[in-house]
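Beneath this line is the structure, given in structure tokens, with notes to follow.
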Amino acid sequence: MPAEGISLGNAIRRAADRLAATSDTPRLDAELLMAHALGETREAMLLGGLHRPTAPTRANPPPPFVLSEGEGQAPITPPAPGTSTALNANGEESAGRANHPLATVRPEPVDGRAPSAAPEGRPSTSLGTNGEGGCPGVGDAFEALVARRAAGEPLAYITGTRAFWTIELGVAPGVLIPRPDSETLIEAAVAHFAGTPGPRRVLDLGTGSGALLLAALAEWPQATGVGIDRSPAALAIARDNAAALGMAHRAEIVAGDWTGTGEQFDLVLCNPPYIGVDEPLPRDVADHEPHSALFAGADGLDDYRALAPLLPAQLAAGGVACIEIGATQGQAVSALLRAQRMVVQIRHDLAGRERCIAARR
Ligand SMILES: C[S@@+](CC[C@H](N)C(=O)[O-])C[C@H]1O[C@@H](n2cnc3c(N)ncnc32)[C@H](O)[C@@H]1O
């Protein structure tokens, strides 16, 4: 039996202290990194008990203590999902979606591959729990993951996954990490189609990881859709996500620009770049996420100017376009859409900031 290291709980606590300088959510980050090192979900890790020992590591030699007060007392109730905070692309802190009734729905991968398979940095399968409740070797793997996060790498690029609405998406450098704020667009669409069978055809302009399109297809299983992006990296990841979620036959991911598709859709989703080029961003965003997904000219409105004239022709009768906006852009983007004779309604994110415009013909 391997010598026991410190407990998972203490390793997480130490890591959270270390990450406090880098992250606004150090404890959550540390828990997610530990779960990733273990090859478990965070919920499974918490339910499995944080009293489990890691093996000793160079960085974590066996401590003179065993358990801190309260540690190892079962049962441990996992925190509610979606209650964390995160930064959106504007660097604004946003509340995650708390306890969404569908939050546990995860479409099954068709090919048996976990949709969250990390592109890199995934520890080997030998890191799982051993038969005696310990986690041999997890300490070194965890330390390496924490070091990357402490150096400013976004958590989702390290774990290779991000939960969004009811689905889990693979993400990697080259694609924007989906933000909880963008779920406001799906909420707006759900509100628009309440009491109806829902949209049959969905268009996602600037699909990135496929987050909005695939969340909508998860919401409305009869729907099919098209995701457009001009980034080859994003297109590859969106296609992988569609396949991993068993939606490849319903989601067409195509290369394109803001030129229009020639088809009318019941639901148009769009989260374009909307950061002004001189706006300050958190370092982990500015240094790691693709600038082509973030910046849109001096005032952040360049892409809305290009997109607004396209939208009326993309919308079917009775349809809605749900467009993400920066928190200060509601009036300016509304004016651009009204100039196209669209009827607009501004919707707010969970932090109460203007986040989405629902536009109809
Ligand atoms: C803010 S990201 C949104 C990604 C994803 N929809 C999400 O919400 O997580 C904007 C996306 O639009 C794409 N994009 C930017 N300009 C574009 C253009 N002119 N034509 C097509 N896609 C564009 C970027 O590559 C990026 O993936």
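The values are calculated or read from the model by the stated rules, or taken from the named source; none is laboratory data. No experiment lies behind these values; they were computed from the predicted model shown. Cβ sites come from the backbone with ideal geometry, for glycine too, and all protein chains shown count toward neighbours.
Computed values, structure above
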quantity: Hits in the range 196-229 - residues which are more than 19 Å from A163 (Cα to Cα), in a strand (DSSP E or B) and either within 10 Å of the ligand (Cβ to nearest atom) or touching a Phe, Trp or Tyr at 6+ places or on another chain (Cβ under 9 Å) (or both); calculated: R201, V202, L203, L205, G225, V226, I228, D229
quantity: Pair list, Cβ under 8 Å, 6 or more apart: the range 314-337 residue assigned by TED's automatic domain parsing to the domain that holds V226 and buried (at least 23 other Cβ atoms within 10 Å of the Cβ), other residue in a helix (DSSP H, G or I) and among the polar types (S, T, N, Q); calculated: A321/Q314; E324/S182; E324/T184
quantity: Any hit, the range 230-242, residues being assigned to a loop (DSSP other than H, G, I, E, B) and modelled with pLDDT of 95 or more; calculated: yes
quantity: All positions within the range 252-273 that are surrounded by fewer than 16 Cβ atoms within 10 Å (Cβ to Cβ), of a type in the set (D, E, K, R) and farther than 16 Å from N241 by Cβ; calculated: D257, E263
quantity: Any hit, the range 165-172, residues being part of a helix (DSSP H, G or I), under 19 Å from the mean Cα position of the chain (by Cα), on the phi < 0 side of the Ramachandran plot and within 10 Å of the ligand (Cβ to nearest atom); calculated: no
quantity: Elements of type helices (runs of 4 or more DSSP H) in the range 260-361, at least 3 residues being among the small types (G, A, S); calculated: 330-338
quantity: Output for the range 248-259, where each listed residue is more than 24 Å from S292 (Cα to Cα) and either outside any loop (DSSP other than H, G, I, E, B) or touching a strand residue (DSSP E or B) at 6+ places or on another chain (Cβ under 9 Å) (or both); calculated: H249, R250
quantity: Sole exception among (1) within 18 Å of L212 (Cβ to Cβ); (2) more than 13 Å from the ligand (Cβ to nearest atom) for C270, by number; calculated: (2)
